[in-house]
Each structure stands twice: as C-alpha cells, then as structure tokens.
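Everything below concerns the one structure shown next.
Every number here is computed from the coordinates shown, using simple stated rules; none is lab data. Bear in mind that the values here come from a model prediction, so they are computed numbers and not experimental data. Neighbour counts run over all protein chains shown; Cβ positions are idealised from the backbone, glycine included.
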Amino acid sequence: MMELPLWVLLAPAAVFLLLCFRFARRPKGFRFAAAVLCGAAASALCWNMLWQAVFLRPTLGLAGSSTDCRVAVLRIEERTDEEHLRAEVRLLEVGGGKLVFPVQILLSGLPESEPGDLLEGKISLSADDRTGISDGVPLRGYAEEELEKVGHSSNPRYFFASLQQKLGQRLYSRFERQIGSVAAAVCVGDKTHLSYQTQENYRAAGVSHLLVVSGLHLGLVVQALGALLPRRRILRGLLMSGAVLCFMALTGFTVSVVRAGVMVLLGIIAPVLSESADSLTSLGAAVLLLTALNPAAAADIGLLLSVSSVLGILAGGAIYAEYLSRREARKQKNGRRQKLLGYLVTPVSATLATMPVLTAIGGGISIFSVAVNLIAVPLTTPVVILGLLIALIDEIPLLLIPARACGLCCGLLIRFLNGLTGWIAGLPFGLVYLRGGYALAVVLCALSLLWILTQLRTARLRRILLTGGTALLLMAVALGALLGRGTVQVAAVGYTQQPALVITRGDRAAVLWRGGSINQNAVERYLKTHGIRRLELVVNCSDSDARYLWEEYPQQQYLEVGDVVLGEQVVLLDALRLTISRQPDGVLYWMESPGATLLCATGKTDLTGQPQPDFFFSGTQMPQGLAAERVLVSGSEADWVERCTLPLLRGDEPTVWLRPSAGTTKLLGVE
C-alpha cells in the first residue's frame, strides 16, 4: 500500500466524491450521509498523506544506513543462538540525534537483555516489507557490534512488557513444553515458546485465534472481575477500566487487544454515564483509533480478521434475532432446531465473515472450524482464569497447594486441546486453500447470495435462489479449475537472502533448494497451501543435505548439483527445462520454456556474453552484467538490492505465472 503512487489513491477518491455528489441530489437524509462520507474520506486521505510525510518517509529514509544508535528493548522475540537475541526495540537515537517519533524495529544480534534495557552501538538498518509497516514495525536492524548496556528505562510500558515475559516464562516452566507454550500464549499473549507444529495444528483446526490474546480473552477477564468487584456504578467502572488498560498493556497493545479493549471500555463507561453502548459505534471508534495512530494498520491481517469476525457475529446475531421475532409473531414453539441455531450462529457467522480475508491472503479455511470452536471456546474460559491464577500465585509458598490444583486442571484442559487440534490437523483435506482474485470474487458472490437468502420471506423464493445459486457456484468452481489447468507457477519462497524456488503445476511440485534449513517451514507451508500431493523433484543447490526434508512428500527424484552432467537438461513438471551452468565461484540455474527464461544463482557469477533472462530471482549476490525484465526479491534483502537499477518486484512469495503450450509459452503475469 505504501509503495503505490499518489494518483492510485486519488482516482478512487475522485470516483467516491462523484458518487457522493450524486447522492447529494436526493432527499435530506442522503445529503447528510453524503456530506459525512465526503468529509470522512477527505480527512482520511489527508491524514494518510500527512502521516507518510511526517513519519513514514523519514523513517524509511533511515534504511540502508549503518550508524550508532540507542535503543530500548521492548519485547524479546526469540533466541537466535546461545549469546544473542532477536527483539522488538524502540529506536530512540540515530547518529547522536534524538528521534522526534521513536520507531519500533525488529533488531537481531542483541546481547542478553530484558525489557526496558537501554543499549547503544552500531546498527545496520533496512526497510521491512508491507507487513512490518502495517504492524507498526517499519524497519529491521542488525547489531554489527556488541551493543553496550547504558541504563534502564522506568517507562511503565517496559514494566508491563517485562511482566508479560516473566509471567509467560513462569507458565512455560510450570508445564511440559507443549502445554506450557500454549498456556503462556493463551493467558498472557507470550508466543515466543510456541513451536511451528503447534501453531499449524491450531490453524488447521480453525482455532488459531485462541493463541492470540483478543476480545475473547479480554471478555473472559472482564467477566471474572465483574463477579468480584462491588456493585457501586462509578467505583466498579473505574476499577474495571483500570483492569482493562492493564491487561492491554500486559499483552503488548496488539491490534486485536486494542480493538477489543476500546469496545469494552466504551461498554464500561456507557452505564456510568447512564447511556447504552452500541457495538457498531464501539467497533468504529476502535478502528478509528488504530488507523489514526498508524494508517497502514488498515492492511494488517490481524485487524482485518478481528474486525470482520466481529461484524460477522453482529450480523449473524441480528439475523438470528429477526428469526426469533418472526417465530414469536407466528406463535411457534421453541424447538430443537432453534436451540441448535443458537449454538451455531456465533462460530458460523465468524467463519463466514473471515472467509474473504483468508481468501485474499491465501490462508487455509478449516472445514472443521465450527465444530472445533464449539468444543474449544468454552474450555478457554477455565484455561485463561486458571492460567492467570497460576502465574500470579505459583511462587507464593502459602498458596502452593491451590497453585498445584489449578496447574493440574489447566494442564489437563490444554493437553485435551492440543490432542484435539493435533488429531484434526492429521485428517485429510481438513484445510481448503482458496487463492487469487477469481477465488475471492466467487467467495464474495457466495456470501452475497447467502445474505439475500436470509432476506427472502417465502420458502418458494428461497428454494429457487438456493438451487440456482448452488448451480452457478458449481459452474464457477469448474470454470476456475478449467482456467487454471496447465498453469505453471514459479515462486521464490523462504526467509533468507537466498530463498528456495518452488515450481508448481496442478498438484505437482519441484523445488530448487537454496538458503538452508531455515527456509524449510516456509516451503512446507507453501506446498500445503497450494494443495501439492506429489513432490516430484528436489534439486539441492545448497551445501547441506536436503534428502531428508519434507518426508511427507516422497519425491521421485533427488539431485545434487555436483551430480548433474555439464550441459544436461532436467525437465521440471513437463514444462520447464533446467540447465545448470557452473562457474569458478558460483552456479547459474537456467529455467527455460519457449518464449520465457528464468534464472537464479548461487555464489559469485558473471553473465557477460551470455543470454539475458526475462526474470531473475534474487540471491545473496547479483550476477555481473545482469539485465532482466524484472528482478523478484523475497525473504531478507541482500545489500545489492538497494543499489539495483533494474525493475524490482518485492513480496513474500513473488511469483511468475506461465502457461506452456505447443512450441510457445504465454506469460500470464507476475505478482
């Protein structure tokens, strides 16, 4: 979003203004609504431009520099080795000058530290991707030398971050690893101990939101406090508001917690002022606050999922209430069907509302989500309450027996949740992956038809719409499968400066393995999200052994680069011809199809006097004499990328789409 030119924002804004003026010619109600919408759109656009000019551009201007900095440690992310950490820090000073707006960055290479520690030293800064900007972390850094501790900040923000780390560590050490990591994440939002497999299991079961502290967890805390606090309205409101603010600070003011916290605070304050809280107004206030502080948060996946799920629950509740009122008007008795709908309305509404977001990002949609949520969400209440009690009283000798009892119950519940999610994740076809604009359009059409279906009053019209809509959706799915048949995707996948290349066609794949084992999780996830059933070929372009990676995909062929005969061509998925060209200090990997040439390289290479590729997938070094139509950059950017004058395409998984046919290859696009 931040890389788009200004005219891209002005064009839809102009269309929006024309529509508003068109409505302004209607009755007074439309004129007022049009005026409000015009004012809101203009204010948002101006605020976004001001935020970019005052904060974002100067901040991104620091990228590429290597200078003395002072930082304050905010939150430890992970331990990179025995002596160094990666942490989220606040950048306070750069080159001896104090920043007007301290910037949060992700910094690697820190010595052993705690939240609040002030460190100084030489740091190399680089720009993060769009995800980082939307998260409020626009820069990444690496400590080029051992940073020196120069003090400790007394800011309450660091106190709560340190408290979160201590409580999370206390819960983690109280149980075995798999149980303790989930307890720390669910109760206090400390996800540093979660394993990749645990996160994947919860995501496949459709309950990954339980591992992210959000409105569900905050609501449970508020309900527990409400049962203990006095009934005096003002005192109760002050105490509950203070508890909500402390819980938000404890969990790091994440977007989901801030969204829920603002809504809960408005719900607490309204009765104190003898008013009633409106859910939509509260949600709008929360989103306005988050996007005012960081306009790029509008593209944050966590916020989009949080807001869409709340909107879905509110819409589902309204439809269900209207259904109940119609039954009462007809004097129909409450039956089992009505009770079943009451149980299903919340998980079904949330699942349907988040489907467009998950489709837009290419995330998996669990077909077991509703059933697992009906079991798991009620168990979250005792887990959160017992976990917080354990974290608070575990080290008090007089309360050792109650702490042990709470730990036993909490551990058994989490063990059951881990077992349930692990079993669900092991079931075949549990996740449905929908990707791309076409799939998003189909999902939006399906949801629109479903909404229209709820508005119809006669059973005959509902049957006609249901039959016709189902037929159209089946035709759309068949058309999508037909259009995608034979398409070849070549994507750069991984977290390092040398990402792996994954070539897919239908349910088959081949991998050019680069970058070391750190890229393994990224490649595994990519294969799953694209529904790959057969990994036909792995070409190991690295120095390490990759034969035992991805054991769940028994590949038909495994090649080491040194085993390939000079000039020999390897056919990839009956679509691309791979030719490996060795040079004294590096290797070139040419992937060719009639009319399209793709290239990646390892080591130091030279293209002088050689054919120029159409697309080059970046690595640690840029080949000398490179000239390409586009350079695709993913993972951690190498230093040469900032100096590259060729057209760049940055992304998490930049992809070239091809459709090979008899003697020719059609380029479908690059994204």
Query raised in the report: Measuring from centroid to centroid over Cα atoms, what is the spacing of segment 89-153 and segment 281-347 in Å?
Result: 40
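Suppose a student asked you for the relative contact order of segment 61-154, using Cα pairs under 8 Å spaced at least 6 residues apart; what percent would you report?
The normalised contact order for segment 61-154 reaches 31 percent.
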Requested in this report: Report Rg(Cα)/(2.2 N^0.38 Å) for segment 436-483, keeping two decimals.
Outcome: 1.25
Query raised in the report: Please identify the GluC sites (Glu not before Pro) of segment 78-162 that satisfy two criteria: DSSP loop assignment and at most 14 other Cβ atoms within 10 Å. Which are they?
Result: 82, 83, 112, 144, 145, 146
Report summary line: Nearest-0.05 FRET efficiency for residue 330 and residue 285 at R0 = 35 Å, using Cβ-Cβ distance, is 0.35
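Taking the Cα centre of segment 606-649 as origin and charging only Cβ (+1 Lys, Arg; -1 Asp, Glu), how large is the dipole, in debye to the nearest 20?
On the way: 2 positive and 6 negative charges, 9 e Å.
With only Lys, Arg, Asp and Glu charged at Cβ, the dipole is about 40 debye.
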Report task. Could you quote the convex hull projected area for segment 513-657, Cα atoms only and averaged over all directions, in nm²? Result -> 9.0
Report task. Would you mind checking the pairs 122/149; 98/166; 98/149; 98/191 and listing those with alpha carbons more than 23 angstrom apart? Result -> 98/166; 98/191
**Report entry** Calculated P(r) of segment 61-154 - Cα pairs past 17 Å, %
**Finding:** 42
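Report, in debye and to the nearest 20, how large the dipole of segment 488-670 comes out about its Cα centre when Lys and Arg carry +1 and Asp and Glu carry -1 on their Cβ. The partial results should precede the final answer.
On the way: 16 positive and 21 negative charges, 100 e Å.
Its charge dipole is roughly 480 debye.
Express the Stokes-Einstein translational diffusion coefficient of the chain in µm² s⁻¹, to the nearest whole number, given a Kirkwood radius over alpha-carbon pairs, 25 °C and a viscosity of 0.890 mPa s. Each step should come with its number before you reach the end.
Working: Rh = 28.2 Å.
Here the translational diffusion coefficient equals 87 µm²/s.
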Report summary line: Computed for the chain: size of charge dipole around the Cα centre, +1 on C-beta of each Lys and Arg, -1 on C-beta of each Asp and Glu, debye to nearest 20, value 4580
Requested in this report: Pick out, from 596, 549, 583, the residue whose Cα sits farthest towards the positive end of the charge dipole of segment 488-670, with +1 on the Cβ of Lys and Arg and -1 on the Cβ of Asp and Glu.
Outcome: 596
Query raised in the report: In which sequence would 268, 361 go, from the one with the fewest C-beta neighbours within 10 Å to the one with the most?
Result: 361, 268
Query - DSSP bridge orientation in the chain - percent antiparallel, rounded to nearest 5 - result: 75
Report summary line: Expressed in Å to one decimal, the Kirkwood Rh of segment 300-363 from all distinct alpha-carbon pairs is 12.9
Report task. Have a look at 94, 165, 451 and report the one farthest towards the positive end of the charge dipole of the chain, computed about the Cα centre with Cβ charges (Lys/Arg +1, Asp/Glu -1). Result -> 451
Report summary line: Rounded to whole angstrom, the alpha-carbon centroid of segment 428-454 lies from that of segment 174-220 at a distance of 28
Report task. Starting at the first residue of segment 414-420, write each ³J(HN,Hα) from the Karplus equation 6.51 cos²θ - 1.76 cosθ + 1.60 with θ = phi - 60°, in whole Hz, x for Gly and Pro. Result -> 5, 4, 5, 4, 5, x, 5
**Report entry** segment 569-649 pair-distance distribution - Cα-Cα, 5 Å bins, rounded %
**Finding:** 3, 15, 27, 26, 18, 9, 2, 0
Report summary line: Shape descriptor, segment 101-176: equivalent ellipsoid semi-axes (Cα gyration tensor, sqrt 5λ, whole Å, largest first) stand at 24, 17, 14
Query raised in the report: Picking from 400, 632, 323, whose Cα lies most toward the positive end of the charge dipole for the chain (charges on Cβ: Lys, Arg +1; Asp, Glu -1)?
Result: 323
Query raised in the report: Can you pull the Kirkwood radius for segment 537-582, inverse mean 1/r over Cα pairs, to one decimal in Å?
Result: 11.6
